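Notes follow once the structure below has been shown.
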Amino acid sequence: MTDAPSADIHVDAELAATLVASQHPDLAGPVTFAANGWDCALFRLGNDLAVRLPRRTFAAGLVLHEQRWLPELAALSPVPVPAPVRVGRPTREFPYAWSIVPWFEGVAAYTIEPASRAAAAPGLAAFVAA
């Protein structure tokens, strides 16, 4: 993401792996960088999970809201929602809450031609209606 704000804190796969191993050792495994979003960095954890770490101070509060509300939204949603399967707590090395979420295969919508995006409309409509 080229227009994202600069990170307030450096996050990388080594940090993500360390946090997972120390707080959720039963899930420890290969961690690889997947993407930087506007507020968080995303790391693949094995084949089925992802680690979301805030990269900006502003996002720290947003992660807490996600941890609170995404499980409730997931229970009501007809489409998959990345509700945390585990939550991570702040440490001396990383001062923010963070999440382990399911990994969903897919592509960024901006990489798809506009005319082809219509295929996503029924799922989006069902989600909004729910």
Problem set entry | So ALA28, is it within 16 Å of PRO84 (Cβ to Cβ), of a type in the set (A, V, I, L, M) and either modelled with pLDDT of 95 or more or loosely packed, with under 12 Cβ neighbours inside 10 Å (or both) | no
Problem set entry | Verdict on LEU45 being closer than 18 Å to SER6 by Cα and under 13 Å from the mean Cα position of the chain (by Cα) | no
For this session: Would you mind stating whether LEU53 is assigned to a strand (DSSP E or B), more than 18 Å from GLY106 (Cβ to Cβ) and touching a strand residue (DSSP E or B) at 6+ places or on another chain (Cβ under 6 Å)?
Result: yes
For this session: Residue by residue through region 88-112, note down the ones that are open to solvent by less than 50 Å² (accessible area, probe 1.4 Å), out of contact with any strand residue (DSSP E or B) (no Cβ under 6 Å at 6 or more places or on another chain) and at pLDDT 95 or above.
Result: THR91, PHE94, ALA97, PRO102
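Here's the yes/no breakdown for (1) closer than 18 Å to ALA34 by Cα; (2) hydroxyl-bearing (Ser, Thr, Tyr); (3) in contact (Cβ under 8 Å) with a residue 24 or more places away in the chain:
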residue: LEU45; (1), (2), (3): yes, no, yes
residue: THR57; (1), (2), (3): no, yes, yes
residue: SER77; (1), (2), (3): no, yes, yes
residue: ARG89; (1), (2), (3): no, no, yes
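The values are calculated or read from the model by the stated rules, or taken from the named source; none is laboratory data. Quantities reported herein were computed from a predicted structural model and do not represent experimental measurements. Neighbour counts are summed over all protein chains in view; Cβ atoms, including those assigned to glycine, are modelled from backbone coordinates with ideal geometry. The protein model used for the area step is the full one, side chains on, heavy atoms only, and it has no ligands, DNA or RNA in it. Shrake-Rupley method; radii C 1.70, N 1.55, O 1.52, S 1.80 Å.
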